[in-house]
Amino acid sequence: MNTGTPGILRVALAMGLSMGIAHSASAADAPPIRVGAVFSVTGPASFLGAPEAKTAEMFVQKINDAGGINGRKIQLIIKDTGGKPESAISMTKQLIEEEKVLAIIGPSTSGETMAIKNICQEGETILLSCAAAETIVNPVASYVFKTPQKDSDAARWIYKTMKEKGLNKVGVITSNDGFGMAGKAQLEKLAGDFGITVVISEAYDKQETDLTGVLTKLKGRQVQGVINWSIVPAQGLVAKNMKQIGLDVPLFQSHGFGNIKYAQASGEAANGTLFPAGRLLVADTLPDKHPQKKVLMTYKKDYEGKYKEDASTFGGHAYDAMLLLTEAVKKAGSADHKKVRDALETLKDVVGTAGVFKMSAEDHNGLGMDAFELLTIKDGKFATYRK
Amino acid sequence: MDFTQVLQYCLAGITVGSVYAIVAIGFNIIYSATGIINFAQGEFLIVGAMTAVSLHHYMPLPMAVLLAVAITAVLGGLVELVFIRRVRDASVLRLIVITIGVSILLREGMLHVWDEQVRGLPYFTGTSLSTIGLMGARISPQVLWVLGVCTVIVTALTLFFKLTLTGRAMRACADDRMAARLCGIKDSRMVTLSFMLSAAIGALAGCVISPLTQTQYDMGAPLAIKGFTVAILGGLGNSMAAVVAGLLLGLLETLAVSQLPVAYKEVVSIVVLLLVLIFRPSGLFARRETSALRA
Amino acid sequence: MNKHLRMYGPVIAAAVAVVVLQLALSASHAPYYMTQVTMSVYYALVVLGLCLLMGYAGQASLGHAGFFAVGGYTAAVMTTCNLNAYRDAALIGWCRSVGLLIEKQDLYGHPMLCFSPWPACITALVLTGLVALLIGVPVIRLKGHYLAMATLGFGLIIHRIVQGAQVFGQADGISNVPPFQLFGDLEVNGRAAFRVQNYYIAWTVALVALVLAINLVHSRVGRALRSIHENEEAAHSLGVNTYRYKLATFVLSALFAAMGGILLTHYNGSIGPSEVSVMKSVRYVAIVAVGGMANLWGAMLMGVLLSFLSLRGVFGTYDDLVFGAILIVMMLFASEGLLRMPNWRALRARLQGKPHG
């Protein structure tokens, strides 16, 4: 035909088309790296799982927009367990056998993690848990890792500060869920090391809405300080209830106090509370030379910009998990389960939100006491505690 | 334990007990009118408080609370119209199961409208630091608000049922529905009204307790269970007894805290529930009609 | 002969369907679906027991997950608690000699002495029966919804106990529950290698339970139950010992639930307080409502189907909502369940707002 597209245009078109096909062919040549995630997005642990899921999605999108790892994009498959271990089990098996993922990020709670620890180990699938129990990485299972800091280190920080303040009779109140009970065990175990006596130790129901009863008990025993180890809603109530019944002693909280909302819930009563936490909460007050500052500020800005809510340390655990995984894949140069696992154990000086990770074959957590900073609340905002 | 400690516990006990009493009264109003145990009662408190929190962004606190109460009352009426009215001649069991479904629906609805975060109304007077001394015991001024509001609710309801025409009509329906109908009282309207009333007082109680306990979308169910225990303890349908029973349960719980490990606080109310069901299901202040419950 | 065919014919058909399903799944790219089906079958066992109670004895139980937990937790505790410290005590020594205990090693390599799964299973069932009697004897005397309330309270107490007591692992539950050695090489075990075997074990247990239930329903006891359900006073006046039959059904339904709990705990290797929540009990009620209050097949089918969908995460974040909605819709429109032909005329009339005759 002599009408229609002139010859040279046709050639250009053909070239363009073939380049397009070649491009998509080369993209198809590199299959995506499949990563599974098992979070408690809804249910009683949703304050953990919801930010974790959002963080993971944000992280993956950022990596994919930058071209992926070694030219391969990441495909993230998120499952919501509702905080139920049996759902975690079922979904984990699904991810391992059906979706054939390289690694699983999460779960959000210790109970769920312990339920799937063996499944991941036998399925030779890397597990990067965002839950805090020590038993997750002790005893060490070669494929199982965790990213939150150690409960025992948090307890040590609290006691160290108490000792410096000269307080040695303390009352401990904890919630009766896994987190609270783990904290209780650590606090009771380590008290003696710092010369502190736990005068009274009580566990309350995690949905408790009024702590004046148990605090009156503490008041009656003349404690010099109160340690509360729980999550919402109780941690928002303790400070208030203490002031209301006139218990005017220092209050220490756990690292579960990781969101400014909890301070706001207690209003002015929260001022002066002391707690160990990841530095994310005071990122803007860190000196510029601090190794974590850049990572923290970027994460905070991205998260708050994208989701219009305050960043919390819980989402940070998912960030660290994804970070460690992608660093290991980069180092291993492949998505082979065994190679990535081996690479994970050799990671050192990876700057995450919880701290600077230093993994090894014996330590599948990689964080020490310096991952925490002792924070306080001043005028309704988080601030580093200066003695 | 010295006197101030006992007083402190007692004050905590009657604070929480009066909230239980309000929930129980809500149960009783609906039970009297329809024979149904409305498991969604707890959710009304939470919906009321959450709505008030949201409205407070746009208007001053008193208005927010009043509007929230009104909205929740409408919601209560809707629940009745949509779910309960359709089911004629249904067994009581079926209706109870429906209200369980409604409570789930409301709870999940709240989750998706408001998300899982904990919220609270600001203190009606003062702040989280304010504390009032009362013969050595220290309480937040909000506690006085709770006691005051609950007393007002109970008084208002008593007057309503005794003196107003509508109130007396509702009582007539509760006593004998057929007879009330014969007198020209539209019993279906009374049923809707009973739901609206229960929802309204629930919402008010939810608002007044919110500064003390904070509000989260799933707090409705535990409250409903405690309220139900109180209602049974006092005798289903007997609102005055519910008040006494509520204060009793509240005191029992807080005094248990002083002696036992705190973790067993919840067990107290459940054990009370089981004991009452097994040994005296018509309640402590049984009226003769309710003893006909024995099969 | 004809009657037996009518009663058991469907069971044989079901058995055939089960085998066909397994072959299909194994041959396809989705053999792992069997895992979730197996778990669902154990949940369906609970539903079956509840169906007997609700549909045939006309009683509601709002705490049936509590019986599941009594069975599951007892089995879990007995097979994981370390009695090594007491190995020389008289009772323990006797248990060892009779072969009730097993020696093994814990996570850290220390020696452990625990009960073997069979004695644990039997103890769990006996315990559940006793608990059911304890609740049933005083409460079944009462009219109407009082059993529902008492079972609700029961479910709540069990939830508190397992969440609060150290021996039950508190909020994290009990994990590392060993597999259950049935006979010879058969093992209740969640690992992939045993998948097909466990699929059949689960279905065998379920079908046996179903046959038991069918026998019950068609026997004198079943007829007595149905007469109670239709009109309790009439039945009573005819000399039917309503109380005894209701109590027996209650205990039996509790045992079904406990069996499901025991087997699922061994299959999953763990159990947690989430299995005893009020929502779980409500779910079971919702499933019975959908399947048909007095329809064993419907209950079984819906039990497997809905649990399967829920475990796969098909309902996403609306999981609880789905079951709540099911409950309402069923109670409002189809209290006989979906698998019974609904009264189409009545339904159409109601939707049009007309009264129906």
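The values are calculated or read from the model by the stated rules, or taken from the named source; none is laboratory data. Computed from a prediction, not measured in an experiment: that's the story for all the values here. Positions of Cβ are backbone-derived with ideal geometry, glycine not excepted, and every protein chain shown enters the neighbour counts. Side chains included, ligands, DNA and RNA excluded: accessible areas come from the protein's heavy atoms. Shrake-Rupley method; radii C 1.70, N 1.55, O 1.52, S 1.80 Å.
With a ≥ b ≥ c the root eigenvalues of the C-alpha gyration tensor of region C:1-137, is it rounded (a/c under 1.5), prolate (a/b larger than b/c) or oblate?
oblate
Per residue, how much accessible area does chain A have with a 1.4 Å probe, in Å²?
37
Over region B:168-257, what per residue volume does the convex hull of the Cα atoms give, in whole Å³?
Value for region B:168-257: 115 Å³ per residue.
Would you pull out the residues with amide H under 5 Å of A:Ile33's amide H, same chain only if 5 or more places away, H placed 1.01 Å from N?
A:Lys73, A:Ile74, A:Gln75
Rounded to the nearest 20 debye, what is the charge dipole size of the protein assembly as shown about its Cα centre when +1 sits on each Lys and Arg Cβ and -1 on each Asp and Glu Cβ?
2020
Figure the gain on full extension for B:Leu144 and B:Ser188 (residue separation times 0.36 nm, minus the Cα-Cα span) and round it to one decimal in nm.
12.1 nm
Starting at the first residue of region B:67-84, write each ³J(HN,Hα) from the Karplus equation 6.51 cos²θ - 1.76 cosθ + 1.60 with θ = phi - 60°, in whole Hz, x for Gly and Pro.
5, 4, 4, 4, 4, 5, 4, 4, 4, x, x, 4, 4, 5, 4, 6, 9, 8
Under a point spin-label approximation (7 Å from Cα along Cα-to-Cβ), what is the C:Val196-B:Met63 distance to one decimal in nm?
Using points 7 Å along Cα→Cβ, the separation is 7.3 nm.
Which of these, B:Val69, B:Val257, B:Val23, has the largest mean-square fluctuation under a Gaussian network model of chain B (Cα springs below 10 Å)?
It is B:Val257.
Stretched out fully, how many nm does the piece from C:Ala325 to C:Ala15 gain, at 0.36 nm a residue minus the Cα gap?
Gain in length upon complete extension: 108.4 nm.
Roughly to the nearest percent, how much of the accessible area of the protein assembly as shown is carbon and sulfur, given a 1.4 Å probe?
63
Given H placed on each backbone N at 1.01 Å, which residues far from A:Ala103 in sequence or on other chains put an amide H within less than 5 Å of it?
When sequence neighbours closer than 5 places are left aside, the close amide H contacts are A:Gly36.
Please list the non-local residues whose amide H lies under 5 Å from the amide H of B:Leu134, H modeled 1.01 Å from N, same-chain partners needing a gap of 5 or more.
The list, which skips near neighbours in sequence, is B:Ile139.
Sequence neighbours fewer than 8 away in the same chain don't count; with that in mind, list the lysines whose C-alpha is under 23 Å from B:Lys186.
By straight Cα distance, B:Lys186 reaches B:Lys162, C:Lys354.
Let me spell out the model: positive unit charges on the Cβ of Lys and Arg, negative unit charges on the Cβ of Asp and Glu, origin at the Cα centre of chain C. What dipole size does that give, in debye rounded to 20?
Roughly 1120 debye, rounded to the nearest 20.
For region C:57-123 and region C:258-290, compute the distance between their C-alpha centroids and round to whole Å.
The two parts, judged by their Cα centres, are 19 Å apart.
Over 18 Å between Cα atoms: which of A:Lys73/A:Lys100; A:Lys73/A:Lys331; B:Lys226/B:Lys265; A:Lys189/A:Lys358 fall into that group?
Check vs 18 Å cut-off fails for A:Lys189/A:Lys358.
With a 1.4 Å probe and all protein chains kept in place, how do A:Glu345, A:Glu327 rank by accessible area, largest first?
Heavy-atom accessible area, descending, gives A:Glu327, A:Glu345.
Suppose each label sits 7 Å from its Cα in the direction of the beta carbon; what would the A:Gln75-B:Ser54 distance come out to in nanometres?
Distance between the two pseudo-spin positions: 3.8 nm.
In region B:128-159, which residues give up 50 Å² or more of accessible area once the other protein chains are added, compared with their chain alone (1.4 Å probe)?
By number: B:Ser128, B:Leu129, B:Arg138.
Please turn the phi angles of region C:16-22 into ³J(HN,Hα) values with the Karplus equation 6.51 cos²θ - 1.76 cosθ + 1.60 (θ = phi - 60°), one per residue in order, whole Hz, x for glycine and proline.
4, 4, 4, 5, 4, 4, 5
With a 1.4 Å probe and every protein chain left in place, work out the accessible area per residue of chain C in Å², rounded to a whole number.
Here the residues of chain C average 42 Å² of exposed surface.
Using only the alpha-carbon atoms, how far is helix B:239-259 inclined from the longest principal axis of chain B? Give it as 0 to 90 degrees, nearest 10.
Roughly 30 degrees between the two axes.
Take the alpha carbon atoms of region B:223-284, find their center, do the same for region A:97-147, and report the distance between the two centers in whole angstrom.
Region B:223-284 and region A:97-147 have Cα centres separated by 43 Å.
Could you give the DSSP H helices of chain A that reach 30 angstrom or more along their long axis (alpha carbon positions) and whose average Kyte-Doolittle hydropathy is no lower than 0.5?
A:7-29
Residue by residue through region A:352-359, which ³J(HN,Hα) values in whole Hz follow from phi under the Karplus form 6.51 cos²θ - 1.76 cosθ + 1.60 (θ = phi - 60°), with glycine and proline marked x?
x, 7, 7, x, 9, 7, 9, 7
Hey, with R₀ at 45 Å, roughly what FRET efficiency would B:His112 and C:Asn231 work out to, going by the Cβ-Cβ distance, to 0.05?
0.55
What order do C:Trp297, C:Trp203, C:Trp118 take when sorted by accessible area (1.4 Å probe), most exposed first?
The ordering from most to least exposed comes out as C:Trp118, C:Trp297, C:Trp203.
What number, in nm² with one decimal, is the all-direction average of the projected area of the convex hull of the alpha-carbon atoms of chain B?
About 16.3 nm², averaged over all directions.
Taking only DSSP H segments of four or more residues, each worth -39500 (n - 2.57), what value at 222 nm results for chain A once the sum is divided by all its residues, to the nearest 500 deg cm²/dmol?
Taking each H run of at least 4 residues, the total per residue is -13500 deg cm²/dmol.
From the residues B:Leu78, B:Ala64, B:Gly136, which one has its Cα farthest along the dipole of region B:3-158 in the positive direction, the dipole being from +1 and -1 charges on Cβ of Lys/Arg and Asp/Glu about the Cα centre?
The listed residue farthest towards the positive side: B:Leu78.
Under a Cβ-only charge scheme (Lys and Arg +1, Asp and Glu -1), can you give me the dipole magnitude of chain A about the Cα centre, in debye to the nearest 20?
820
Residues of region A:252-280 losing 20 Å² or more of accessible surface, assembly versus chain alone, probe 1.4 Å, please list them.
Residues losing area: A:Lys261, A:Ala265, A:Glu268.
At the nearest 100 Å², what buried accessible area, both sides summed, do you get for B and C when the probe is 1.4 Å?
3300
For chain C, what is one quarter of the convex hull surface built on the Cα atoms, given in nm²?
22.3
Is the protein assembly as shown rounded, prolate or oblate when judged by the Cα gyration tensor, a ≥ b ≥ c being the square roots of its eigenvalues, rounded requiring a/c under 1.5 and prolate requiring a/b larger than b/c?
Rounded, because the longest to shortest axis ratio a/c is under 1.5.
Which of the pairs A:Lys160/A:Lys289; A:Lys206/C:Lys246; A:Lys165/A:Lys261 have their Cα atoms more than 31 Å apart in this structure?
Distance filter (> 31 Å) returns A:Lys206/C:Lys246.
When a/c reaches 1.5 or more, the comparison of a/b and b/c decides; with that in mind, is chain A rounded, prolate or oblate per its Cα gyration tensor?
prolate
Got a sec? What order do A:Glu202, A:Glu99 fall in by accessible area at 1.4 Å, biggest, i.e. largest, first?
The ranking, largest first, comes out as A:Glu99, A:Glu202.
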